[in-house]
Amino acid sequence: VQLQASGGGSVQPGDSLRLSCVASGRTFIGYGMGWFRQAPGTEREFVASISWSGDITTYQDSVKGRFTISRERDTVYLQMNNLKREDTAIYYCAAERALYGRGAQNRDNYDDWGQGTLVTVSS
């Protein structure tokens, strides 16, 4: 079971990126999905989540209005607009442990963490 995140890169403040998370080995249809990030020397923190049905999305306050999470079958996206230096981190996607989840903010609710993708925002 693997989740593969991609789409990271080095951009300037104000630029956009779209991250993708693709599942392989099993389906994640029916599971809430989340994006988390971890900057050097910090704890992994919640960024955004989406419920199993796709109709409930939740965001960290600092990314509201700039980031959009969406899903299509076994792929989850994170559209990131107006990127800021403080968005620099490794971004991870994860699937909730329980079926039919709403997309929790607590990382302890998630299993199946994928390999991260690095986002660097600098001028």
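Side notes on the structure shown:
- Test for residue 8: is it open to solvent by 10 Å² or more (accessible area, probe 1.4 Å) and without any contact (Cβ under 8 Å) to a residue 12 or more places away in the chain: no
- Residue within the range 24-44 that is assigned to a loop (DSSP other than H, G, I, E, B), without any contact (Cβ under 8 Å) to a residue 60 or more places away in the chain and hydroxyl-bearing (Ser, Thr, Tyr) present: yes
- Among the residues of the range 72-103, the ones that are crowded, with 21+ Cβ neighbours inside 10 Å and in a strand (DSSP E or B) come to 10 in all.
- Filter result for residue 49 (surrounded by fewer than 13 Cβ atoms within 10 Å (Cβ to Cβ) and either in contact (Cβ under 8 Å) with a residue 12 or more places away in the chain or out of contact with any strand residue (DSSP E or B) (no Cβ under 9 Å at 6 or more places or on another chain) (or both)): no
The values are calculated or read from the model by the stated rules, or taken from the named source; none is laboratory data. Fair warning: this is a prediction, and the values are worked out from it, not measured in the lab. Here Cβ is always computed from backbone atoms with ideal geometry, including for glycine, and neighbour counts include all displayed protein chains. Quick note on the areas: whole protein, heavy atoms, side chains included, nothing else; ligands and nucleic acids left out. Shrake-Rupley method; radii C 1.70, N 1.55, O 1.52, S 1.80 Å.
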